[in-house]
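Can you keep this structure in mind? I'll have questions shortly.
The values are calculated or read from the model by the stated rules, or taken from the named source; none is laboratory data. Predicted model, so just to flag it, every value in this text is computed and none were measured. Here Cβ is always computed from backbone atoms with ideal geometry, including for glycine, and neighbour counts include all displayed protein chains.
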Amino acid sequence: MTDLAFALNTDRRAPLPQAEIARLMSLYGVGRLADLVRDAQALATRHRPSLELYNILGAACVALGDFPGAEAAFRAAIAVDDRHAELHSNLGAALEPQDKFDEATACFHRALALNPNQASPHFNLGNLLRRQHALPQAIACYERAIALKPDYFEAHNNLGLALQEQNALTQAISCHQRALTLNPNYAEAYNNLGLALKGLGDPERAVQCYKQALALKPGCPKALHNIATVLLDINDYDGVIQVLDLLLSFTPDDGLAARQKAFAQMYVCDFSANRNLPAPVDQAAQRLATPPFIMLPFFDDGAQQLAYSRLWARTLACQPAETSIQNEPSDGRIRIGYFSADFHSHATMFLMAGLLRTHDRERFEINAYSYGEIVDADVRDQLQSQVDRLIDIRGMTDQDVANLTQSHGLDIAIDLKGYTGQSRSRLFSGRLAPVQINYLGYPGSMGTDDIDYIIADPVVIPEASRAFYSEKVIYLPGSYQPNDDQRVIAETGATRSDFGLPEDGFVFCCFNHTYKICPDVFDIWMRLLDRTEGSVLWLLGSKETAKANLRKEAALRGIDPDRLVFADGLPHAEHLARLRLADLFVDTFAVNAHTTASDALWAGIPVVTLAGGQFAARVGASLLHAIGLPDLVTDNAADYEALIAHLASHPQELATVRARLAENRLSQPLFDTAGYTQAIERAFETVHQRRLDGLTPADVVID
């Protein structure tokens, strides 16, 4: 820039003709951006520095995604004349995508100092603040831009996005609709309107909006991604694959689409799914930000899972909510808040029912904050009797939830969802309580400093894996997983033939979700069927595509496809009853059986597992240690296969194992609901007292 400034005083070249500026503007208007950049750069070498030339060159570079080139062009324009607010605003807009936040902020403030009544610097500053998760400040900027320029449709759209990120969905919808009134051909607004409608639980209208965005902007990656997400939510995995194939035909380097497609393929047991997906080695690589849950089955690697969680956490972060709400008076009890969308007939509630029932309500105030659909009135009524408060926060903004929990004076806030479906983990980045805990729902680290602790046990997080968790660890005795020792097993009188099982043949069982079935474990299962005459593999029923693929894979391995038997859904008590008809539960690898393993053990069916590295791959081992059957835990695939084959071919030894399980079922820690509750309550008291004593979070071992 020093050379350029000197040239302004000595340059004897001819000024740039206005006709050339007009020609460049016409190139910009018809989208010939590469030609514009080439011609503008050539003109810059032959003529004196021109503000107009550099400004249009910068605009073209922005449109091409060349932000360093845009930065250089806008700096050159400012060197010609630094009194134009729009140039400083444009420079800031080129700096922001490069994560040069401080410089960009200075540019926007300089623009506003030159002309506080220009709308674009307010808009651009709002975009920067939204990227920094300062949502209230971003909203104020968008509102100021709209006040100055009421027809600023981009500002209406981005205001809607900021409101969505606060979960103010109804307000967001109004903003996107206003943007579309001002510009009916605005594809981005249709896409964002779809996001808001999906958030309000209207997937059909959401898909209509995404399709409208595609009609206006064919191949729009965001719209295709969003259609795939809706289809994934409704378990239409074939549709997901079809949409993502189309997206990848437009953008073959779209890593997120590739990962989503592979996850959908695993759900339908398409073993051609790419399992060599890249790990996020660069923490700044936002293009790799992927919901961490869908990465769990791809590799058993705690370091990679933590990296994905850290990237995803950055997309959810927000600045702490500001509130002046006064806490309710304390009665001396520790105030616990459980947050979930699953307070209904769901695996989480099956596991937690005993804990909620046996909490010491004289020492603890228990609050349940629900943001899921009310499904089962009976379960809700039961939960209502087990907690001090059951609060429906579905329609509340994040700020409103923060205000509410502040008024309730929570001491400990517990995220029961983590990075699973319907999660609202963004709430926790705004601090709902002085102590925040990741528990039960997501089998891994949240990758953020906003969550202080993760509840685990020495088996599920051994010392060798400790570095893969951003949280401090609460180590419970026994297993981290709660269980209810009053779960009812129905007396149905059902027989094997009622479920298409052989009366005399050996029944291998795995009721895990199909996405957990990888080719390696399926190879082993087929070899076990081959060597165990008359045996069958009993699997949880799934989509017809998954059944067809598994039958095809069995045939390719020389196994009669009819030896795969699929179970339909049943009420939970009846499901536990039919589980008793199996001989042995065989676990999956990278993502073990979790609730399904507890179901099998509660029903009296032994489980053989392979203990892997990441949390999700060690749950089976945790449960078996806690019920006194560590000899059913293996640490490599060969031993896993050998142990299952041995038990299947030695009925007396299997009967002995079943007898030990029956004896341990109510004497070992796994199903000791009262003992578990007392242990986790000691943990809550310990971390609460550390906070009162002014101590930072640290690993806690509960004896």
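Out of all the residues in region 368-382, which are surrounded by fewer than 20 Cβ atoms within 10 Å (Cβ to Cβ) and under 25 Å from D398 (Cα atoms)?
G372, E373, I374, V375, R380
Let me ask something additional. Sort out which residues of region 654-682 are farther than 21 Å from I702 by Cβ, surrounded by 12 or more Cβ atoms within 10 Å (Cβ to Cβ) and of a type in the set (D, E, K, R), and write them in order of number.
R658, R660, R665
Name, by its number, the condition in (1) in contact with a helix residue (DSSP H, G or I) (Cβ under 8 Å, 6 or more places away or on another chain); (2) loosely packed, with under 15 Cβ neighbours inside 10 Å; (3) of a type in the set (S, T, Y); (4) closer than 19 Å to P482 by Cβ that does not hold for T315.
Going through the list (1) in contact with a helix residue (DSSP H, G or I) (Cβ under 8 Å, 6 or more places away or on another chain); (2) loosely packed, with under 15 Cβ neighbours inside 10 Å; (3) of a type in the set (S, T, Y); (4) closer than 19 Å to P482 by Cβ, T315 breaks only (4).
So which helices (runs of 4 or more DSSP H) stay within region 175-276 end to end and still have 1 or more residues that are aromatic (F, W, Y) and surrounded by fewer than 22 Cβ atoms within 10 Å (Cβ to Cβ)?
237-250
Taking the residues in region 637-656 that are of a type in the set (A, V, I, L, M) and farther than 16 Å from L610 by Cβ as candidates, determine which candidate is farthest from the chain's Cα centre (by Cα).
A655
Still on this structure, I have one more. Test L216 against the criterion of being touching a residue at least 24 places away in the same chain (Cβ under 8 Å) and within 27 Å of the chain's Cα centre (by Cα), and give yes or no.
For L216, the condition - touching a residue at least 24 places away in the same chain (Cβ under 8 Å) and within 27 Å of the chain's Cα centre (by Cα) - is not met.
From (1) touching a Lys or Arg at 6+ places or on another chain (Cβ under 7 Å); (2) farther than 27 Å from I234 by Cα; (3) buried (at least 22 other Cβ atoms within 10 Å of the Cβ), pick out the condition that doesn't hold for V591.
(2)
What are the pairs, 6+ residues apart or on separate chains, where a residue within region 524-545 that is in the same structural domain as D560 (by TED's automatic domain parsing) and on the phi > 0 side of the Ramachandran plot has its Cβ under 7 Å from a residue that is in a helix (DSSP H, G or I) and buried (at least 19 other Cβ atoms within 10 Å of the Cβ)?
none
Look through E143, E103, E86 and report the one residue that is acidic (D, E), within 25 Å of L53 (Cβ to Cβ), surrounded by fewer than 17 Cβ atoms within 10 Å (Cβ to Cβ) and modelled with pLDDT of 95 or more.
None of the others qualify; the one that does is E103.
I'd like to verify a number: residues in region 327-345 that are of a type outside the set (S, T, Y), in a loop (DSSP other than H, G, I, E, B) and either touching a residue at least 12 places away in the same chain (Cβ under 8 Å) or on the phi > 0 side of the Ramachandran plot (or both), how many?
Of the residues in that region, 9 qualify.
For (1) aliphatic (A, V, I, L, M); (2) closer than 25 Å to D202 by Cβ; (3) without any contact (Cβ under 8 Å) to a residue 60 or more places away in the chain, each residue gets a yes or a no:
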residue	(1), (2), (3)
E365	no, no, yes
S370	no, yes, yes
I374	yes, yes, yes
A377	yes, yes, yes
Q382	no, no, yes
V387	yes, no, yes
T397	no, yes, no
T405	no, no, no
K417	no, yes, no
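Does T609 qualify as being out of contact with any Leu (no Cβ under 8 Å at 6 or more places or on another chain) and touching a residue at least 24 places away in the same chain (Cβ under 8 Å)?
no
Under the condition of being among the small types (G, A, S) and modelled with pLDDT of 90 or more, which residue from region 241-262 is nearest to K543 (Cα to Cα)?
Only one residue fits best here, namely A262.
Looking at A72, A60, A79, can you tell me which residue is in contact (Cβ under 8 Å) with a residue 60 or more places away in the chain, under 24 Å from E103 (Cβ atoms) and hydrophobic (A, V, I, L, M, F, W, C)?
A79
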